[in-house]
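Here the structure is laid out as C-alpha cells; the discussion comes afterwards.
Read-outs throughout are calculated quantities, based only on the coordinates presented, and are distinct from any laboratory measurement. Everything quoted here is computed from the prediction, not taken from an experiment. Virtual Cβ from ideal backbone geometry, glycine too; neighbours counted across all protein chains shown.
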Amino acid sequence: MYGIAKFLDPNHPEAHTVNTNAKLNWLRASVLGANDGIVSIAGLVLGVAGATNHIGIIFTAGVAGILAGAISMAAGEYVSVSSSRDTEKALLQKERDELRDYPEAELQELISLHERKGLSKKTATIVAKELTAKDAFAAHVDIELSIDPENLTSPWHAAIASALSFTIGATIPILAIIVPPEQIRIPIAFISVIIALAITGTLSAMVGGASIPRAVTRVVLGGVLAMIVTYSIGKLFSISGI
C-alpha cells in the first residue's frame with residue numbers, strides 16, 4: 001500500500017482498509033449494471049410480448065437485446081476506465097518529474113499539505129521529511145492524488161465485469177417471460193422484475209449508505225414505468241396491426 005497508511009501499525013484496523021473504496025465502486029458498478037440489464041431487457045421483451053405471443057420472437061428479441069446491451073456496456077466501461085487510467089498515469093508521471101526537478105519545493109508542498117490536515121508546522125515538517133526519506137513519490141501520490149500506482153483499475157476487468165453484471169440481470173426478465181405458460185406470462189414477468197429491482201435497489205442503498213426504502217421505491221417505480229410504457233406500445237402495435 002502506498003502513502004501514509006502503510007506506515008501505520010499493521011494491527012491497526014486502518015491497515016486492513018486497503019482498496020476499500022475501489023471495492024465499493026466495483027460493487028456499486030456491478031449492481032447498477034445488473035439493474036440496467038433488468039430494466040432494459042424487461043422493457044424490450046414486454047414490449048415485444050405486447051405485440052405478439054410468439055415465444056420464439058420474444059426470445060430472439062431478448063437475446064439480441066442482451067448481446068447488444070452487454071457489448072455496449074463493456075465498450076462504454078472500457079473507454080471510460082481507459083480514459084481515467086490514462087489521466088492517472090499522466091498525473092503520476094507529472095509528480096515524478098516535479099520530484100526530480102523541484103525536490104525542495106515538493107518538500108515544502110508536502111509540509112503545507114500536512115499542515116492543512118491539522119498538524120502543527122513543526123510536526124508537519126517532521127512527518128514530511130520522514131515520509132520523503134522513506135518514499136517521496138509514495139508520500140506525494142497518497143496525499144495529493146489518492147492513487148495507488150500499483151493498483152490502477154484495469155479497463156478489461158471493468159469491461160468484463162460490466163458485461164457480466166448486465167447479462168446476469170437481463171436473464172431474469174428473459175426467463176420470467178419464456179418459462180411460464182402464456183396465460184400468466186406477463187404478470188409473472190412483472191412480479192419477477194419488481195422483486196429483482198427491489199433486491200438491486202436494496203444492495204445499491206447498502207453500498208452507498210443511502211435510505212433503503214427510498215432507493216427501492218425509486219428503482220422499482222422506474223422499472224415499472226418502463227415496463228408499462230413498452231408493453232402498452234407493443235399492445236398498440238398489435239391492435240393496430242402494424
With r as the distance between the Cβ atoms of D97 and I188 and R0 = 45 Å, compute the FRET efficiency 1/(1 + (r/R0)^6) and round to 0.05.
0.15
How far, in degrees from 0 to 90, does helix 121-140 lean away from the longest principal axis of the Cα atoms of the chain, to the nearest 10?
60
Across the stretch 102-117, in residue order, what do the Karplus-derived ³J(HN,Hα) couplings come to in whole Hz, using 6.51 cos²θ - 1.76 cosθ + 1.60 with θ = phi - 60° and x for Gly and Pro?
9, x, 5, 5, 5, 5, 5, 5, 5, 4, 4, 5, 6, 5, 5, 7
The chain - mean residue ellipticity at 222 nm from DSSP helices (-39,500 (n - 2.57) per run, n ≥ 4, rounded to 500)
-28000 deg cm²/dmol
At a Förster radius of 41 Å, what calculated FRET efficiency corresponds to the Cβ-Cβ distance of L175 and L145, to the nearest 0.05?
0.35
Quick check: the angle from helix 212-240's long axis to the longest principal axis of the chain, C-alpha only, nearest 10 degrees?
40
Once the other residues with Cβ under 14 Å from the Cβ of L113 are scored (Lys, Arg +1; Asp, Glu -1), what is the net sum?
-3
Stokes-Einstein translational diffusion, the stretch 114-242 - Kirkwood Rh over all Cα pairs, 0.692 mPa s, 37 °C, in µm²/s
166
So how do K129, K117 line up by other beta-carbon neighbours within 10 Å, fewest first?
K117, K129
So for the chain, using the alpha carbon gyration tensor with a ≥ b ≥ c as root eigenvalues (a/c under 1.5 gives rounded; past that, a/b versus b/c decides prolate or oblate), I'd call it prolate
Short version: ³J(HN,Hα) in whole Hz for each residue of the stretch 165-176, in order, from phi by Karplus 6.51 cos²θ - 1.76 cosθ + 1.60 (θ = phi - 60°), x for Gly and Pro, what are they?
5, 4, 5, 4, x, 5, 5, 5, x, 4, 5, 5
Please state the Cα pair-distance histogram of the stretch 190-238 with 5 angstrom bins from zero: what percent is in each bin?
5, 24, 24, 18, 13, 8, 6, 3, 1
Assuming R0 = 30 Å, can you tell me the calculated FRET efficiency for the pair I168 and I57, based on Cβ-Cβ distance, to the nearest 0.05?
0.80
Just to confirm the number: angle between the C-alpha axis of helix 55-101 and the first principal axis of the chain, 0 to 90 degrees, nearest 10?
10
